[in-house]
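What follows is calculated from the coordinates using simple rules that are stated; it is not laboratory data. Just so you know, these numbers come straight off a predicted model, no measurement behind them. Cβ coordinates were reconstructed from backbone atoms using ideal geometry, including for glycine residues, and neighbour counts include every protein chain displayed.
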Amino acid sequence: MRSSVATAVLLSMMTVPVNAQATMVYSLGDGQESCANWLSSPSNEVYGGTWILGFWTAGNAFGQTGQVGSSTDGAGIIASVKQLCLSDPALNLMLATYTVFNRFAKAGR
């Protein structure tokens, strides 16, 4: 079961486009929800934050460096995703997290 979930996360990360063009990706959990929904209540923020950190960890586990985000902590990562979500509430949480992950990776953060 764990390897199936890890494989699904890896595949979704590999197929989500950086330029946010419409591509269908099988996403699990809160990653399917819009940023607006994630930020709509404190409980949604907790669940979404947990999802963000799990997705991020999987990105590091299967990525090239394994260190993306090491310049901050979980709260900093969530705050960065939240900032993007506030600017574009229609994004889904997976694409927002993926976008921030890539920004951190490119900046060597």
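With all distinct Cα pairs included, what does the Kirkwood hydrodynamic radius of segment 21-71 come out to in Å, to one decimal, could you say?
Numbers: mean 1/r = 0.0811 Å⁻¹.
The answer is 12.3 Å.
Stretched out fully, how many nm does the piece from Thr72 to Asn102 gain, at 0.36 nm a residue minus the Cα gap?
Numbers: separation 30, 0.36 × 30 = 10.80 nm, distance 1.48 nm.
Taking Thr72 through Asn102 to full extension adds about 9.3 nm, to one decimal.
Starting from the exponent 0.38 and prefactor 2.2 Å, build the expected Rg for segment 59-105 from its residue count and divide its actual Cα Rg by it.
Values: Rg = 10.7 Å, N = 47, 2.2 N^0.38 = 9.5 Å.
For segment 59-105, the normalised Cα radius of gyration is 1.13.
Considering only the other residues whose Cβ falls under 10 Å of the Cβ of Met94, what net charge follows from Lys and Arg at +1 and Asp and Glu at -1? Walk me through the numbers before you get to the answer.
Working: positive: none; negative: Asp30, Glu33.
Result for the neighbourhood of Met94: -2.
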